[in-house]
Amino acid sequence: MNKNIKAILGIFAATIVISVIEFLRNEYLFKSYWVDHYKSMNLEFPGDLVNGLLWGIWSLFLAICIYILQRKLSLFETVFIAWFMGFVLMWLVIGNLGVLPLNLLYFAVPMSIIEVLIAVLTLRKFISS
């Protein structure tokens, strides 16, 4: 198979992995936590279709970053830098906006590292096959 096709399929697969894990975590595990947190600030949790689509675009961009990083870096370096770019920077922004429930980070940090690891391994599987 062509190298470019493998890259595109790998990025697409990693995007799906990231999107599915994000959806499961935020819709099934922590949705009520987010809704209650927003309600305590007199805000409505943004759960419209447009928000989901934007998270899908975020997943695609994270997968593209993973693809670029994994071409030059080790597995550990790729996971760490992709996780830092995708999650730590996002948490800084939403923390700065005052809408980050800090207690959620106890669960989100390890789960997000595992998410990025699975996405990196998925992408690498497509590239190497």
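The values are calculated or read from the model by the stated rules, or taken from the named source; none is laboratory data. Keep in mind it's a predicted model, so treat the numbers as computed, not measured. Heads up, the Cβs are rebuilt from the backbone with ideal geometry, glycines too, and the neighbour counts pull from every protein chain shown. Surface areas here come from the heavy atoms of the whole protein model, side chains and all, with no ligands, DNA or RNA. Shrake-Rupley method; radii C 1.70, N 1.55, O 1.52, S 1.80 Å.
Some points to look at:
- Leading residue by the ranking (nearest to the chain's Cα centre (by Cα)) among those in region 63-105 that are open to solvent by 20 Å² or more (accessible area, probe 1.4 Å) and small (Gly, Ala, Ser): 95
- Residue list for region 112-126, restricted to those being in contact with a helix residue (DSSP H, G or I) (Cβ under 7 Å, 6 or more places away or on another chain) and open to solvent by 60 Å² or more (accessible area, probe 1.4 Å): 113, 117, 118, 124, 126
- Scanning region 17-49 for residues that are within 12 Å of the chain's Cα centre (by Cα) and of a type in the set (Ser, Thr, Tyr) turns up just one, 19.
- Scanning region 39-87 for residues that are part of a helix (DSSP H, G or I) and of a type outside the set (A, V, I, L, M, F, W, C) returns 39, 40, 51, 52, 56, 59, 67, 70, 77, 78, 86.
- Residue list for region 88-103, filter: β-branched (Val, Ile, Thr), part of a helix (DSSP H, G or I) and over 21 Å from residue 117 (Cβ atoms): 93, 94
- Only a single item in (1) among the β-branched types (Val, Ile, Thr); (2) outside any helix (DSSP H, G or I); (3) at pLDDT 95 or above is not met by residue 20, and it is number (2).
- Taken together, 51, 42, 4 contain a single residue that is on the phi > 0 side of the Ramachandran plot and either out of contact with any His (no Cβ under 9 Å at 6 or more places or on another chain) or of a type outside the set (A, V, I, L, M) (or both), which is 42.
Per-residue answers, yes or no, for (1) free of Cβ contacts under 8 Å to residues at least 60 places away in the same chain; (2) among the hydrophobic types (A, V, I, L, M, F, W, C); (3) more than 27 Å from residue 42 (Cα to Cα):
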| residue | (1), (2), (3) |
| --- | --- |
| 72 | yes, no, yes |
| 76 | yes, yes, yes |
| 80 | yes, yes, yes |
| 90 | yes, yes, no |
| 94 | yes, yes, no |
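- Residue 32 farther than 24 Å from residue 100 by Cα, among the hydroxyl-bearing types (Ser, Thr, Tyr) and out of contact with any Phe, Trp or Tyr (no Cβ under 8 Å at 6 or more places or on another chain): no
- Lone unmet requirement of (1) open to solvent by 60 Å² or more (accessible area, probe 1.4 Å); (2) assigned to a helix (DSSP H, G or I); (3) free of Cβ contacts under 8 Å to residues at least 24 places away in the same chain for residue 35: (1)
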